[in-house]
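The block underneath contains the structure these notes are about, expressed in structure tokens.
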Amino acid sequence: MLSLALLPPKLPLAPSAAPAVSSPGNTNSTPATSGYSYPNPGVPTTGLEFLETEKFRLTCFQTLTGTKFLLFTDPMTGNVDTVMNKIYELYSDYVMKNPFYQLEMPVRCDAFDRHLGAWLRGRT
């Protein structure tokens, strides 16, 4: 049995060397001039990587942008890292490339659900 949860990013924004844009009328507001860079590769990912009990194993995969994927499996399930990497690949392909998806909102993407379900069914 597999169960997936997705948590929005919680990494702090890092100040960049560029000055912050103070004028709301300035149309040259790009990430390079906004005063912040995201993600900040200097901030190491921290926190839970996995938690294992007799009943289940909880695995956490955190991306460089801070998005966390939580996967609940049976403790005897192998190749969890492969599964997490594939979930992230499908998330990148079908959710992040979806022009209607808004960051930090629940994932509601039929193509992602379909492809993830098909890939997981093919593994059994």
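The values are calculated or read from the model by the stated rules, or taken from the named source; none is laboratory data. Predicted model only: the values in this text are computed from it and were never measured. Ideal geometry is used to build each Cβ from the backbone, glycine not excepted, and the neighbour counts take in all protein chains shown.
Return yes when T30 is β-branched (V, I, T), surrounded by 13 or more Cβ atoms within 10 Å (Cβ to Cβ), on the phi < 0 side of the Ramachandran plot and at pLDDT below 90 and no when it is not.
no
Conditions (1) out of contact with any strand residue (DSSP E or B) (no Cβ under 6 Å at 6 or more places or on another chain); (2) at pLDDT 95 or above; (3) more than 22 Å from T65 (Cα to Cα), marked per residue:
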residue: M76; (1), (2), (3): yes, no, yes
residue: D81; (1), (2), (3): yes, no, no
residue: E89; (1), (2), (3): yes, yes, no
residue: Y101; (1), (2), (3): yes, no, no
residue: M105; (1), (2), (3): yes, no, no
residue: R108; (1), (2), (3): yes, no, no
residue: H115; (1), (2), (3): yes, yes, yes
residue: L120; (1), (2), (3): yes, no, yes
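Of everything in the stretch 69-115 that's under 15 Å from the mean Cα position of the chain (by Cα), touching a residue at least 60 places away in the same chain (Cβ under 8 Å) and not in a loop (DSSP other than H, G, I, E, B), which residue is surrounded by the fewest Cβ atoms within 10 Å (Cβ to Cβ)?
L70
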